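For reference, the structure is listed below as structure tokens.
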Amino acid sequence: MSCPSPSAVCRISALLAGLLACGLASSPAQARHRHHAAHPARTSHDAAGNTGKTEPRLGSNAVLVREEGSSDALLSRQADVASPIASITKLMTALVVLEGNQPLDEVIQLRPEDGDLIRTSVSRLKTGAQLTRADLLHVALMSSENRAAQALARNYPGGLQAFVPAMNAKALELGMHSAHFVEPTGLSSDNVASPADLAILVEAAAREPLIREYSTDGEHEVRIGRKRLQFHNTDALVHNPAWDIVVQKTGYITEAGRCLVLQAVIRGRSVVMVLLDSFGKNTRVADAARIRKWLEAKLVELPRAGSPPA
């Protein structure tokens, strides 16, 4: 029996090494990284089906980019797949709070139960602290304060038991058919929605002046007793003068990865971006920057949403 040639041995060894390497990368982050690496930049098509410029390489697992008011996606990846959305939840929380029409200057005291869901997260708001409903909403949207969101829901008419059904009812009213909420903070991985549904949520949130103001504020100071606490925005993009952001929200839990949704004005056009499950801490912001650069060239070629065909 003849022995295999040296070149055949090399080919077999290389194949075995590749299989072993794939088996070793077993963590969620590594698995997501392999997924992104397997999805090289693609060629985009506009509404008329014409081939456009190459899409940007992105590190987010699920993506949807579209012009406000349009159902046509400019970029899309797993846009109809529901997944955990982390603190993007707080945009829905804010909508329901505002629709409750309760006084924004009403003082709410934080209770021990406001921390029941957030034992694993850090909060600067302690039991017994007293803040107005407006301040709670402000830091929930801007700094993603979980205790603030929980206290807002607890003080809704009928309490938390009425608030969560109101969130799901609002989702259905908006046409978010894949969305489901079980609590107001986003710490539960059972809060899920697709990028397509989150684009609807972003546009609804952008119609509320207070959500626009609070979510894009760079910092906010609240007074608790004799102390003053300074809170900062969790989204670095709001501090970047190159961006004209209308509304935004970040989110993170292990099951959701790093998430970012926003509506921004780019070349005079209002664009919605949804970026879910980014595998790196700064990837979502870098993805948004890559998309913006790509859109600055692409939007010049596209008719505005709602414009009649040429």
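The values are calculated or read from the model by the stated rules, or taken from the named source; none is laboratory data. As the structure is a computational prediction, the values presented were derived from the model and not from experiment. When we count neighbours, we look across all protein chains shown, and the Cβ atoms used for this are built from the backbone with ideal geometry, even at glycine.
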Looking only at residues that are surrounded by fewer than 24 Cβ atoms within 10 Å (Cβ to Cβ) and over 12 Å from the mean Cα position of the chain (by Cα) in region 80-93, which one is nearest to residue 137 (Cα to Cα)? 82
Given (1) surrounded by fewer than 17 Cβ atoms within 10 Å (Cβ to Cβ); (2) in a loop (DSSP other than H, G, I, E, B); (3) on the phi < 0 side of the Ramachandran plot; (4) in contact (Cβ under 8 Å) with a residue 24 or more places away in the chain, number of the condition residue 71 does not satisfy: (4)
Scan region 108-122 residue by residue and report those that are at pLDDT 80 or above and either out of contact with any Leu (no Cβ under 9 Å at 6 or more places or on another chain) or part of a helix (DSSP H, G or I) (or both). 111, 112, 113, 114
Please go through (1) modelled with pLDDT of 95 or more; (2) over 28 Å from residue 197 (Cβ atoms); (3) not in a helix (DSSP H, G or I) for residue 156 and return the number of the only condition it doesn't satisfy. (2)
Out of curiosity, is residue 183 closer than 26 Å to residue 84 by Cα and either β-branched (Val, Ile, Thr) or under 17 Å from the mean Cα position of the chain (by Cα) (or both)? yes
Residue count for region 231-288, restricted to those that are without any contact (Cβ under 8 Å) to a residue 24 or more places away in the chain and touching a helix residue (DSSP H, G or I) at 6+ places or on another chain (Cβ under 6 Å): 1
Taking the condition small (Gly, Ala, Ser), in contact with a strand residue (DSSP E or B) (Cβ under 8 Å, 6 or more places away or on another chain), modelled with pLDDT under 95 and farther than 16 Å from residue 202 by Cα, does residue 307 pass? no
Which residue out of 144, 178, 194, 215 is in contact with a Lys or Arg (Cβ under 8 Å, 6 or more places away or on another chain) and within 25 Å of residue 73 (Cα to Cα)? 215
Among residues of region 256-280, those that are under 13 Å from the mean Cα position of the chain (by Cα) and either modelled with pLDDT of 95 or more or basic (Lys, Arg) (or both), counted: 14
Among residues belonging to region 223-279 that are in contact with an Asp or Glu (Cβ under 6 Å, 6 or more places away or on another chain) and hydroxyl-bearing (Ser, Thr, Tyr), point out the one that is farthest from residue 139 (Cα to Cα). 270
Checked 221, 208, 183 against criteria (touching a Leu at 6+ places or on another chain (Cβ under 8 Å), at pLDDT below 95 and of a type in the set (D, E, K, R)); the one match is 221
Which is assigned to a loop (DSSP other than H, G, I, E, B), at pLDDT 95 or above, more than 20 Å from the chain's Cα centre (by Cα) and over 30 Å from residue 175 (Cβ atoms), of 105, 135? 105
Across region 168-182, what is the number of residues that are surrounded by fewer than 22 Cβ atoms within 10 Å (Cβ to Cβ), in contact (Cβ under 8 Å) with a residue 12 or more places away in the chain, of a type outside the set (D, E, K, R) and part of a helix (DSSP H, G or I)? 2
